[in-house]
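**Q** This is the structure, below, for whatever I ask next.
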Amino acid sequence: MTTSTTDLQHWRLERDAGQIAWLCLDRAGSGTNILSREVLTELGRVLDELHGAPPAGLVICSAKESGFIAGADIDEFPGFSSEEQVFQLTSEGLGLLQRLEDLPCPSVAVINGFALGGGLELALACDWRLVVESWQRSLGLPEVKLGLHPGLGGTVRLVRLIGVRQAMPLMLTGNAGSPTQAKAMGLADALVQPADWREQAAGYAKRPAPPRKAPLIDRLLGWQPVRPLLAKTLRAQVARQARRAFYPAPYAVVDLWRAHGARGARAYEAEARSFAKLAMGPTSRNLVRVYGLQERLKREAGEKRDVATHVHVVGAGVMGGDIAAWCALRGIGVTLQDRELQYIEPALERARALFAKRLRGPGEAEAASRRLVADVSGEGAAEADLVIEAIFEDREAKQALYESLEPRMKADAVLATNTSSIPIEELAPCLRHPERLVGLHFFNPVAKLPLIEVVAGDSTGPRAAAVARAFSRQIGKLPLPCSSLPGFLVNRILGPYLAEAMLLLREGVAPAEIDQAAVDFGMPVGPVELADSVGLDVALHVAKILSPILRRPVDPELAARVAAGKLGQKSGEGFYVYEDRRPVRPRIPAGTADPDVQERLMLAYLNEAAACLADGVVSDPDLVDAGAIFGTGFAPFRGGPLHYAAEAGVDQIRRRLETLAGQHDERFAPSPGWQQLEAANRN
């Protein structure tokens, strides 16, 4: 090998004896390759050299074991100042990839692990794509999840390569596919083994690429008179998942294809213009903020490390069983304890279904099933690094369990409770070593919701808190450090929101109208359906605990339904009747909800978010927003409740609360947290 362009920081360019150029990306100071401006600037210098002295072929690969290229450097996005600036930067990137495509020699991208966003777009500009075999879903264009669409030619090249029918789902959902799926759809030319990819890449680097044509039916669908018909169908599909006013990016993808059919230079320019408009819009800026909040929670866990090889879970109900299943899915040995085997078996059945759905590699689901063991006698507690209590919400019952568990636990094991609302200080006094007790509050459904509230009480030791945070990351969750106050953060914020919904019901507002008001704001489901889904018995229990701190009485209708056995989705009836686990209700068109109902619901929510800040449930406004988004599903495109309030104007929010307090009662009195938020924003 001979090396050229020796002063590169991020790329390494070498030529072998056969004059094949090997261009390897190894971004300095990072475990992951991303396309920062520095990386792209250096790529331009490399392309200058390759055009000046063309090799016989070019192979582009990654030096990172973590993968090929994870996309653009999202940390640079907040620095965008105008649409024109973004358009110029995007145009420069388009020009780079066009120069890569125009090289007078075959080019090969060797994809190991993930190739996402701009990383996959770079690979699309190559003549050949070889993908190292894996069962991971690692190839995709996830820009839509940041309120964007591909901006380096992906909306054009992907459609040209695999056709509109296969390309649109990748761009509209942002979901990644596996190497096998990529090969099946024509995105990958070959699957290679880790041991022999170099030999195969060298062979492909000597082959001129064949003419690329999408399937005939896709070319017919791209005919100008036909495109509007398919575009209408695609928009209708998108509308079932997202409203244009909230999430414009997927609609923009369809609009680009309808206008240009992925043909010609104007299609690339239109993509860049559209990308720039989206990047400067509120949805993308807020979704980039949400990405930053996610990264903040990961950092809260500290250095990523494995702290548990064996977890013992006590309580095989929906929460406990699903926590155990998730830990086993993430590679941890788990023993699951309950009073009798009959209570554990349903959890094992749900776990097997989860493993079959999530684990696609040979033998992976079976291995996960072997890691999850029923343990009626509780012998696994003696070997566990972490014991998780997930029984029903009763202080005396939990304390009785702790008294039996503690003598059997290893000296360095941590005891965690999944309590959703009971302060740690009320549970710890029965323990000889209360410093070992920490809260790990998961959310239902465990397999979908990413947040865990890590609750440290006055007696919780720093090691137990650190282990709890690290464990959250070990199992792929986001840890939110919380103070041990009633309801913690998520249930505390939801309390007034759900209580206001109950009051509206008593005033005669239909459940579907209440829920539509919240959905029109951007919530994933309304408060009535949310109460039904978590269980009205659980909602009632939390309401009783929070009633003193929220100064709201427990709703009598909620108590009456629980007494009548109408517990929500799990019993088939709550505030709604359920068929096939779906609520039976009239359809209300989007955007038609009563604005007064929406205001009462959302201001109750926002005001309690500010109250949590004032009471120190978490340490700062960003963590309030993170907990609300990842724990309650607060509309991500709004950037979090306190961020939304700041954007809308804290004074305006406070005035509306004062008006509602005058119309109703002091439950709408503005929280002192608004003053704290204003001070934080000034700083």
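**Q** Do you know which residues across region 132-189 are of a type in the set (D, E, K, R), outside any helix (DSSP H, G or I) and within 16 Å of the chain's Cα centre (by Cα)?
**A** Once the filter is applied, which keeps residues that are of a type in the set (D, E, K, R), outside any helix (DSSP H, G or I) and within 16 Å of the chain's Cα centre (by Cα), region 132-189 yields only R137.
**Q** Restricting to region 53-73, what's the tally of residues that are surrounded by fewer than 16 Cβ atoms within 10 Å (Cβ to Cβ) and in contact (Cβ under 8 Å) with a residue 60 or more places away in the chain?
**A** 1
**Q** In region 84-102, is there at least one residue being farther than 22 Å from A265 by Cα and touching a helix residue (DSSP H, G or I) at 6+ places or on another chain (Cβ under 7 Å)?
**A** No, there is no match, as no residue in region 84-102 is farther than 22 Å from A265 by Cα and touching a helix residue (DSSP H, G or I) at 6+ places or on another chain (Cβ under 7 Å).
**Q** Now a separate question. Residues in region 546-567: is at least one among the basic types (K, R), in a helix (DSSP H, G or I), touching a Leu at 6+ places or on another chain (Cβ under 9 Å) and without any contact (Cβ under 8 Å) to a residue 40 or more places away in the chain?
**A** Yes: region 546-567 contains one or more residues that are among the basic types (K, R), in a helix (DSSP H, G or I), touching a Leu at 6+ places or on another chain (Cβ under 9 Å) and without any contact (Cβ under 8 Å) to a residue 40 or more places away in the chain.
**Q** Filter region 609-645 down to residues that are within 21 Å of N286 (Cα to Cα), over 14 Å from the mean Cα position of the chain (by Cα) and part of a helix (DSSP H, G or I), then give me how many there are.
**A** Total meeting the criteria: 14.
**Q** Considering each of V290, V254, V192, V238 in turn, give the residue that is under 22 Å from the mean Cα position of the chain (by Cα), farther than 30 Å from L623 by Cβ and either modelled with pLDDT of 95 or more or in the same structural domain as K477 (by TED's automatic domain parsing) (or both).
**A** Unique residue meeting the criteria: V238.
**Q** Go through region 214-235 and count every residue that is over 35 Å from the mean Cα position of the chain (by Cα) and in a loop (DSSP other than H, G, I, E, B).
**A** 4
**Q** Let me ask another. So S619 ticks every box in (1) touching a residue at least 60 places away in the same chain (Cβ under 8 Å); (2) crowded, with 20+ Cβ neighbours inside 10 Å but one. Which box is left unticked?
**A** Looking at each condition in turn, S619 falls short on (2).
**Q** Name the residue that is surrounded by the most Cβ atoms within 10 Å (Cβ to Cβ), counting only residues in region 289-338 that are more than 30 Å from F634 (Cβ to Cβ) and hydroxyl-bearing (S, T, Y).
**A** Of everything passing the filter in region 289-338, T335 is surrounded by the most Cβ atoms within 10 Å (Cβ to Cβ).
**Q** Scan region 242-249 and tell me whether some residue there is surrounded by 21 or more Cβ atoms within 10 Å (Cβ to Cβ) and either in a helix (DSSP H, G or I) or over 23 Å from the mean Cα position of the chain (by Cα) (or both).
**A** yes
**Q** Which pairs turn up if I take residues in region 277-290 that are more than 13 Å from P78 (Cβ to Cβ) and look for partners that are buried (at least 21 other Cβ atoms within 10 Å of the Cβ) and aliphatic (A, V, I, L, M) with beta carbon separation below 6 Å, at least 6 apart in sequence or on another chain?
**A** Sorted first by the residue in region 277-290, then by its partner, the pairs are L278/L148; L278/A249.
**Q** Here is a further query. Assuming L478 fulfils every condition listed in (1) modelled with pLDDT under 95; (2) in contact with a strand residue (DSSP E or B) (Cβ under 9 Å, 6 or more places away or on another chain) apart from one, which condition is it?
**A** If we test L478 against (1) modelled with pLDDT under 95; (2) in contact with a strand residue (DSSP E or B) (Cβ under 9 Å, 6 or more places away or on another chain), just (1) comes out false.
Conditions tested, residue by residue: (1) modelled with pLDDT of 95 or more; (2) closer than 21 Å to K206 by Cα; (3) in a strand (DSSP E or B); (4) β-branched (V, I, T).
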| residue | (1), (2), (3), (4) |
| --- | --- |
| Q85 | yes, no, no, no |
| T90 | yes, no, no, yes |
| L103 | yes, yes, no, no |
| A109 | yes, yes, yes, no |
| L120 | yes, no, no, no |
| A123 | yes, yes, no, no |
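**Q** Answer with yes or no whether S483 is polar (S, T, N, Q) and within 25 Å of L613 (Cβ to Cβ).
**A** For S483, the condition - polar (S, T, N, Q) and within 25 Å of L613 (Cβ to Cβ) - is met.
**Q** Is it the case that I549 is aliphatic (A, V, I, L, M), at pLDDT below 95 and over 27 Å from C327 (Cβ atoms)?
**A** It is true that I549 is aliphatic (A, V, I, L, M), at pLDDT below 95 and over 27 Å from C327 (Cβ atoms).
**Q** Any residue that is crowded, with 19+ Cβ neighbours inside 10 Å and not in a helix (DSSP H, G or I) - is there at least one of those in region 583-595?
**A** For region 583-595, residues crowded, with 19+ Cβ neighbours inside 10 Å and not in a helix (DSSP H, G or I): present.
**Q** Name the pairs whose Cβ atoms lie under 6 Å apart, with the first residue in region 644-665 and in the same structural domain as D596 (by TED's automatic domain parsing) and charged (D, E, K, R), the second modelled with pLDDT of 95 or more and not in a helix (DSSP H, G or I), and 6 or more positions between them or separate chains?
**A** Listed pairs, sorted by first residue: R654/P670.
**Q** How about region 88-108: which of its residues are of a type outside the set (V, I, T) and either outside the structural domain of R45 (by TED's automatic domain parsing) or within 28 Å of the chain's Cα centre (by Cα) (or both)?
**A** L89, G93
**Q** Can you name the condition, by its number, that E403 falls short on among (1) in contact with a Cys (Cβ under 9 Å, 6 or more places away or on another chain); (2) touching a residue at least 40 places away in the same chain (Cβ under 8 Å); (3) not β-branched (V, I, T)?
**A** Here E403 meets the rest and fails (2).
**Q** On to the next question. Only one residue in R371, R350, R358, R432 is of a type outside the set (A, V, I, L, M) and in contact with a strand residue (DSSP E or B) (Cβ under 7 Å, 6 or more places away or on another chain), so which one is that?
**A** Answer to the selection: R371.
**Q** Condition first: farther than 15 Å from A604 by Cα and either polar (S, T, N, Q) or surrounded by fewer than 18 Cβ atoms within 10 Å (Cβ to Cβ) (or both). Now tell me which residues in region 521-552 satisfy that.
**A** Answer for region 521-552, where residues must be farther than 15 Å from A604 by Cα and either polar (S, T, N, Q) or surrounded by fewer than 18 Cβ atoms within 10 Å (Cβ to Cβ) (or both): P524, V525, S533, K544, P548.
**Q** How about region 165-179: which of its residues are out of contact with any Lys or Arg (no Cβ under 8 Å at 6 or more places or on another chain) and crowded, with 16+ Cβ neighbours inside 10 Å?
**A** Of everything in region 165-179, those that are out of contact with any Lys or Arg (no Cβ under 8 Å at 6 or more places or on another chain) and crowded, with 16+ Cβ neighbours inside 10 Å turn out to be Q166, A167, M168, L170, M171, L172, T173, P179.
The values are calculated or read from the model by the stated rules, or taken from the named source; none is laboratory data. Quantities reported herein were computed from a predicted structural model and do not represent experimental measurements. Note that each Cβ is placed from the backbone with ideal geometry, even for glycine, and that neighbours are counted across all protein chains shown.
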